[in-house]
Amino acid sequence: MSKTTIVIFGGTGDLAQRKLIPALYNLRRKRRLDGEVNVVGFARAQHGDDSYRGLLQEGARELGGLETTPEEWAEFARCLHYVCGDLGDAAAFEELGRKLAEVEGTDGANRLFYFAIAPSLHRLAAEGLRDAGLTTEESGWRRVIVEKPFGKDEESARELNRALHNVFRENQTFRIDHYLGKETVQNLLVLRFGNAIFEPLWNRNYVDNVQVTVSEAVDVEGRAGYYDGSGVVRDMIQNHLMQLMCLVAMEPPDSLAPESVRDRKGDLLRAVRRWTPEEFREHAVRAQYAGYSDEPGVAPGSVTPTYAALRLYVDNWRWQGVPFYLRSGKAMEEKVSEIIIQFKNPPLAMFERLGGSGFAPNILSICVQPDEGVHLQIDSKAVDAGFITHPVDLSFHYKDELRLGQELPEAYERLLEDAMEGDASLFIRADQIEEAWNIVDPLLKCWESPEASPPETYGQGTWGPSGSAGLLRQDGFLWQTLCGGH
Ligand code: BG6
């Protein structure tokens with residue numbers, strides 16, 4: 001029977017409590033963990049194993065919404081252990097080594113190191129592990145999951161890749177983007193490549209524009225300490241939205257083998273037109289929600305954007321000339337992650353002669369969350385009303401497929417399972433991270449220059465600044481949604 005230890009750096013943090021522990025708990029409940037799995041949390045706070053288990057029980061319930069009985073939790077909690085230490089302290093890694101020896105026994109175990117810590121600490125953690133001899137592979141595989149943000153620009157991402165590669169090979173390195181673990185995001189591959197009707201239309205001849213929206217109703221939720229130094233481009237666009245764009249626009253891979261999928265995503269990112277900082281002024285809008293500067297932890301006079309919308313082009317055979325619009329923001333009217341493919345109108349002259357009214361464009365909407373599913377908007381004749389037409393919606397909702405009591409799995413469940421199986425398809429390769437930064441770096445440079453005009457302000461609970469609608473209006477389009485309420 002295999003044995004695996006997951007070492008969580010940042011073991012007392014928000015991610016561990018909110019996502020990782022609930023995901024591991026659910027995997028165990030569903031009997032999806034292969035063999036014996038132990039968790040060792042590593043962080044600076046003082047805890048023994050017992051108080052650590054208590055912290056996680058409360059955190060997983062309150063932050064992660066995990067429902068358990070005391071008996072079920074007690075059974076699970078036996079696998080949780082803790083080491084208190086500082087990443088800069090060699091003695092802490094020795095202590096970790098002792099704990100691993102105790103937990104793993106004489107036969108040893110596979111080890112999955114999870115870096116749920118600030119990016120500035122990734123290098124320290126990797127080198128500390130190597131120097132303490134904890135990454136050698138004689139008693140099992142060693143892999144590392146690295147949380148986002150991966151660097152803060154292209155240069156720092158390259159530097160981090162180099163530092164990690166001094167300790168782990170690329171095939172041991174799993175850069176996580178939890179959007180790739182979402183059921184609907186994985187379904188994009190099936191929708192596009194498992195159905196005959198879409199591929200002939202999926203190109204510049206039929207598609208007018210593509211829109212990717214990830215709006216959040218929540219504000220910075222007390223995370224301003226991190227967020228104010230990042231902003232929406234580093235927090236959401238460079239990673240989650242770029243990955244969604246890759247899956248929508250990439251060429252078909254030969255197979256679902258990790259390198260086939262990742263090669264095609266890399267090709268797509270390389271084909272995205274690079275705007276200079278000056279050009280980005282015409283192709284992007286940023287804004288901050290009203291009241292952001294009053295959030296605790298926000299620097300006085302901060303110009304950090306909490307909303308951004310941008311226009312990109314993919315200069316390849318399939319997509320030449322088709323605008324891709326990406327937008328994301330916090331404190332917006334509702335939480336919606338949606339991909340819109342808007343198709344070109346057919347010639348409508350015959351209806352005009354018959355006195356018909358306007359036609360809505362055909363739209364395919366892939367709703368990533370919250371109402372996971374797919375919608376197709378088509379035009380139809382209103383009943384008994386001449387050629388008056390109206391748009392109607394053909395829809396599929398995941399929730400209609402769920403068995404009683406079944407829920408869509410959390411993204412972290414799938415990703416942790418894949419990392420333990422060594423399947424990197426849903427993780428990001430070094431070159432993709434660097435390419436994605438290469439696309440947004442000029443935007444950051446444009447907005448972070450002292451001459452940049454301040455961001456627009458938008459009201460909390462709205463759909464963002466007026467400039468965002470203006471960006472699409474310049475091209476004769478509107479932001480569309482079939483799964484949001486606006
Ligand atoms: C994280 C960002 O990566 O994604 C957060 O750091 C954001 O700021 C979160 O709230 C959104 O994830 P989801 O799965 O709720 O859409």
Within straight-line cross-link reach of residue 152, lysines at Cα separation under 19 Å, skipping those fewer than 8 residues along the same chain: 445
Below 28 Å, Cα to Cα, which lysines can residue 99 reach? Residues fewer than 8 away in the same chain don't count. 3, 19, 30, 148
At a 1.4 Å probe radius, carbon and sulfur cover how many percent of the accessible area of the range 1-66? 43 percent
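Grab the DSSP H runs of the chain that are 4 residues or longer, score each as -39,500 (n - 2.57), total them, divide by all residues and round the 222 nm result to the nearest 500 deg cm²/dmol. Present the calculation step by step, with values, prior to reporting the outcome.
Numbers: 15 runs with 155 residues, N = 486.
Computed ellipticity for the chain at 222 nm equals -9500 deg cm²/dmol.
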What accessible area per residue, rounded to a whole number of Å², is obtained for the range 286-437 using a probe radius of 1.4 Å? 44 Å²
For the range 369-447, just the Cα atoms, rotate onto the principal axes and tell me the three extents in Å, largest first. 59, 47, 20
The range 389-413 and the range 94-162: distance between their alpha carbon centers, rounded to Å: 37 Å
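Take every DSSP beta bridge with both residues inside the chain and express the antiparallel ones as a percent of the total, to the nearest 5. Let's see the in-between values first.
Numbers: 41 of 78 bridges.
Rounded to the nearest five, the antiparallel share is 55 percent.
What helices in the chain pass both tests, a Cα length along the helix axis of 15 Å or more and a mean Kyte hydropathy of -1.0 or higher, using whole DSSP H runs?
Those that pass (Cα extent of 15 Å or more, hydropathy at least -1.0) are 90-104, 183-193, 411-421, 430-448.
How much of the accessible area of the range 383-435, in percent, comes from carbon and sulfur atoms when a 1.4 Å probe is used?
Numbers: 1570 of 2990 Å².
Using a 1.4 Å probe with all protein chains present, the range 383-435 comes out at 53 percent carbon and sulfur.
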Can you tell me the accessible area per residue over the range 1-143, all protein chains present, probe 1.4 angstrom, in square angstrom? 47 Å²
May I have the pair-distance distribution P(r) for the range 334-486, computed from all Cα-Cα distances with 10 Å bins from 0 and rounded to whole percent? 8, 20, 29, 25, 13, 4, 0
With bins of 5 Å, the percent of all Cα-Cα pairs of the range 69-180 per bin from 0 is 2, 11, 19, 22, 19, 14, 8, 4, 1, 0
At q = 0.11, 0.12, 0.21, 0.23 1/Å the base-10 log of I(q)/I(0) from the Debye formula over the alpha-carbon atoms of the range 252-324 is -0.50, -0.56, -0.92, -1.00
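Just the number, please: carbon plus sulfur as a percent of the accessible area of the range 131-288, 1.4 Å probe, no ligands or DNA/RNA counted. Don't skip to the answer; put the middle values down first.
On the way: 2940 of 6020 Å².
For the range 131-288, the apolar C and S fraction of the accessible surface comes to 49 percent.
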Out of every Cα-Cα pair in the range 314-366, what percent are more than 17 Å apart? 61 percent
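Percentage of Cα-Cα pair distances in the range 411-486 greater than 20 Å, rounded to whole percent?
On the way: 1857 of 2850 pairs.
Every Cα pair in the range 411-486 considered, those over 20 Å come to 65 percent.
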Reference-scaled alpha-carbon Rg (2.2 N^0.38 Å with N residues) for the range 225-368: 1.32
So if I restrict to the alpha-carbon atoms in the range 135-274, what is the Rg, and what is Dmax, the biggest pairwise distance, in Å? 17.6, 55
Based only on Cα atoms, what Rg/Rh ratio does the range 259-298 have, Rh being taken as Kirkwood's radius? 1.27
Sequence gap at least 6, Cα distance under 8 Å: using those rules, report the relative contact order of the chain to the nearest whole percent. 17 percent
Let me know the Rg and Dmax you get for the chain when you use only its Cα atoms, in Å. 24.0, 84
Part-to-part distance (alpha-carbon centres) for the range 58-91 and the range 243-297, which is given in Å: 35 Å
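The values are calculated or read from the model by the stated rules, or taken from the named source; none is laboratory data. Small disclaimer: the values here were computed from a predicted structure and weren't measured. All accessible areas refer to the heavy atoms of the entire protein, side chains included, with ligands and DNA or RNA removed. Shrake-Rupley method; radii C 1.70, N 1.55, O 1.52, S 1.80 Å.
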